[in-house]
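The values are calculated or read from the model by the stated rules, or taken from the named source; none is laboratory data. Note that the structure is a prediction, hence the values are computed from the model and not measured. Here the Cβ positions follow ideal geometry from the backbone for every residue, glycine too, while neighbour counts run over all protein chains shown.
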Amino acid sequence: MCGIAGVVCLSATDKPDRSTLEDMVSLLHHRGPDGYGYYQDERVGLAHARLSIIDLAGGDQPIHNETRTVYTIFNGEIFNYIELRRDLEQRGHQFYTHSDTEVIVHLYEEYGADFVQHLNGQFAIAVWDIPRQRLLLVRDRIGIVPLFYTVQQGKLIFASEVKSILRALKQSPRLNIAALDQLMTFWAPVSPNTVFKDIYELAPGKLLIAEAGETRIKTYWEWRYPHKDAVIADADVDSLAEQLHDLLVDATQLRLRADVPVGAYLSGGLDSSVTTAIIHNHTKVPLRTFSIGFDDAELDESDYQQQLIKHLSADHSRIQCGYADIAEQFLQTIWHTEAPILRTAPIPMGMLSGLVRQQQYKVVLTGEGSDEVLGGYDLFKEGKIRQFWAKFPDSEVRPLLLKKLYPYLDISKKQGLVYLKSFFGIGLDHPELPYFSHMTRWATTAKCKEFFSDDVKAQLAATIEDSVCETLPADIGQWHAFHQAQYIESKLLMSGYLLCSQGDRMLMRNSVEGRFPFLDHRVIEFANRLHPKYKMFGLNEKYLLKKAMARYLPPSIVQRYKQPYRAPDIPSFFHAKTPAYIEALLAPEKIQDYGYFDPARVGRLVAKIKNGRAIGYKDNMAFVGILSTQAWHHLFIENFHQHT
């Protein structure tokens with residue numbers, strides 16, 4: 001992937017200047033260290049930072065059509081560009097490069113704004129149509145590649161990262177309190193919000209058209225599920241498994257197209273094991289894999305990684321993450337995420353991409369998206385059990401099914417059942433709500449907001465769930481409850497956090513491109529049509545995926561209980577010597593100065609941590625959330641111009 005930036009005059013009369021473009025793109029150097037490119041005219045300025053992966057010699061951007069009337073800059077990959085180019089050449093189009101980028105301008109000539117329907121890829125695209133004086137911004141269907149924009153002083157300003165936009169604005173930003181409220185509940189702001197006031201993301205599956213001094217946004221793709229009465233429940237499961245197998249093989253093969261070596265992440269879980277097994281069994285690409293291990297044995301998956309490395313004879317590299325690594329890289333991580341985080345999990349992912357780059361690789365395949373698309377999370381299991389429980393909310397037997405998910409819970413005593421009902425019983429009287437599956441998680445995460453200052457609390461929305469409901473499809477109430485849970489998980493957590501803070505930002509921090517076979521839109525559209533029982537059979541998650549791919553993998557990998565990826569949180573910052581920035585950012589006067597949190601409450605939390613009594617999810621998320629918000633303010637509001 002690369003970095004793009006640009007300025008379009010909507011009503012402003014001053015021409016976009018080269019120095020502004022150079023300032024903007026310089027802050028994207030980590031995304032595209034292989035060279036810069038520019039285009040300027042009286043109304044538009046485009047800038048590109050290149051990470052060269054396809055057509056290393058001839059793929060510099062901006063790219064234009066034969067008559068130089070259409071220009072594009074592009075971040076990402078068009079995986080089906082070979083097939084598209086062949087068709088376009090048959091239609092008479094002439095190419096001057098071998099890059100995947102050039103198909104964009106010729107597709108635009110053929111189909112106008114509908115050109116995006118022909119793309120299989122991950123992308124943020126800007127197309128400038130000179131005759132029509134029209135700019136198109138397009139973001140991929142799933143939200144793999146970031147794209148942000150703002151409209152200020154008669155100009156549309158856009159870029160791959162917010163820091164690039166800030167450089168063009170030449171002013172300090174302000175925090176969007178509503179977005180922080182959302183992040184402290186849902187883990188990410190509700191799209192198109194960002195934590196920067198008046199700066200927005202172009203939401204996945206959307207295109208923005210700037211023409212005649214105005215902007216408008218259109219949806220070209222959406223996660224769709226059939227109405228619950230129309231879901232096919234009696235299909236041939238063996239046939240479905242073969243269809244899924246063939247789709248994943250093709251999606252993986254497409255994502256190996258590159259003029260540089262391609263590697264793969266190997267976590268030891270089912271999803272990355274599937275991806276690496278397909279590479280091993282269906283391609284001639286040498287299997288080069290990368291993984292991360294943890295000093296904390298509870299979080300480490302090295303044994304499973306080694307089983308698969310031996311099974312596939314992979315050429316493997318591994319990096320170890322300790323507590324000190326988390327603390328040392330925290331501030332730099334927030335500089336790249338551009339948003340507060342509630343867990344430290346992005347930091348080891350940044351270390352892993354650093355290992356990839358150190359080994360001279362620019363591209364890796366990962367298993368991201370499988371859980372959302374094919375039903376892998378415990379949250380989906382909880383949802384099934386809680387829907388079952390809600391039919392008889394006074395039952396003392398039904399909630400005991402949660403023991404199957406969390407065998408470590410002590411629910412043999414009466415107080416154990418009281419705990420189950422108080423925690424997992426949230427919202428049992430409203431199982432018809434489309435976000436019913438997520439109510440327990442949101443309630444847990446929202447406890448972070450107890451630390452907000454009185455001023456911030458006064459600005460919060462009374463019913464934050466409304467901000468999610470406003471973005472839901474009109475017919476979501478007609479979907480199966482399992483599909484409702486999948487939709488919300490995919491649109492909120494996956495797109496807003498996993499693919500962003502934990503994905504793109506940690507990959508591109510080290511100029512590495514991630515590719516995701518499970519997020520091929522054909523795989524998603526196939527999976528979305530399936531009855532939920534083919535995704536989760538009883539409480540057996542990713543049932544169809546296991547059936548399709550068990551032929552390639554050791555039973556120990558296929559049958560293992562899913563272990564969520566986590567990294568050490570609080571212990572990382574207080575394991576040995578506490579870093580100086582923690583004392584500085586959490587000092588009562590600094591808390592008071594920034595104004596987001598209550599100094600006394602934060603002080604009590606820090607004291608609790610130092611006394612060794614902060615061990616629960618609430619304390620971990622609150623601490624990381626508070627510290628990262630303070631770090632965000634320090635980096636982007638207090639010291640942005642000094643930092644850059």
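Would you be able to tell me the number of residues in segment 610-631 that are farther than 30 Å from R174 by Cβ and assigned to a helix (DSSP H, G or I)?
2
Please work out which residue is farthest from D271 (Cα to Cα), limiting yourself to segment 287-306 and to residues that are of a type in the set (S, T, Y) and without any contact (Cβ under 8 Å) to a residue 60 or more places away in the chain.
S302
For segment 576-597: of the residues being hydroxyl-bearing (S, T, Y) and modelled with pLDDT of 95 or more, which is surrounded by the fewest Cβ atoms within 10 Å (Cβ to Cβ)?
Y581
Kindly provide the set of residues from segment 598-622 that are under 22 Å from R441 (Cβ atoms), at pLDDT 90 or above and either of a type in the set (G, A, S) or in contact with a strand residue (DSSP E or B) (Cβ under 8 Å, 6 or more places away or on another chain) (or both), ordered by number.
Matches in segment 598-622: A622 only.
So, in segment 405-428, of the ones that are part of a loop (DSSP other than H, G, I, E, B) and among the charged types (D, E, K, R), which residue ends up modelled with the lowest pLDDT?
K413
Any residue that is within 28 Å of R257 (Cβ to Cβ) and either part of a helix (DSSP H, G or I) or not polar (S, T, N, Q) (or both) - is there at least one of those in segment 556-569?
Looking for residues that are within 28 Å of R257 (Cβ to Cβ) and either part of a helix (DSSP H, G or I) or not polar (S, T, N, Q) (or both), one finds at least one in segment 556-569, hence yes.
For segment 429-443, state whether one or more residues are modelled with pLDDT under 75 and part of a helix (DSSP H, G or I).
no
Return the residue satisfying two criteria in turn: it lies in segment 30-51 and is without any contact (Cβ under 8 Å) to a residue 40 or more places away in the chain and assigned to a loop (DSSP other than H, G, I, E, B), and of such residues it is farthest from the chain's Cα centre (by Cα).
Checking each candidate, the answer is E42.
Mind counting the residues in segment 506-537 that are of a type in the set (S, T, N, Q) and not in a helix (DSSP H, G or I)?
So the count comes out to 2.
Yes/no per residue for (1) in contact with a helix residue (DSSP H, G or I) (Cβ under 7 Å, 6 or more places away or on another chain); (2) over 27 Å from L256 (Cβ atoms):
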residue: T20; (1), (2): yes, yes
residue: L28; (1), (2): yes, no
residue: R31; (1), (2): yes, no
residue: D34; (1), (2): no, no
residue: Q40; (1), (2): yes, yes
residue: G45; (1), (2): yes, yes
residue: L56; (1), (2): no, no
residue: F95; (1), (2): yes, no
residue: F115; (1), (2): yes, no
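Quick one: count up the residues across segment 57-74 that are farther than 13 Å from C2 by Cβ and either assigned to a loop (DSSP other than H, G, I, E, B) or not aromatic (F, W, Y) (or both).
The number of residues fulfilling the criteria is 9.
Within the set of pairs 6 or more residues apart or between chains, which connect a residue that is modelled with pLDDT under 95 inside segment 547-568 to a residue that is part of a loop (DSSP other than H, G, I, E, B) and of a type in the set (D, E) with Cβ atoms less than 6 Å apart?
Taking only residues 6 or more apart or on different chains, the pairs are P568/D296.
Going through segment 221-254 one residue at a time, which ones are within 28 Å of I82 (Cβ to Cβ), part of a loop (DSSP other than H, G, I, E, B) and touching a Phe, Trp or Tyr at 6+ places or on another chain (Cβ under 6 Å)?
Within segment 221-254, W223 is the sole residue that qualifies.
Looking at (1) within 17 Å of the chain's Cα centre (by Cα); (2) not in a helix (DSSP H, G or I), which is the one condition that is false for G503?
G503 satisfies every listed condition except (2).
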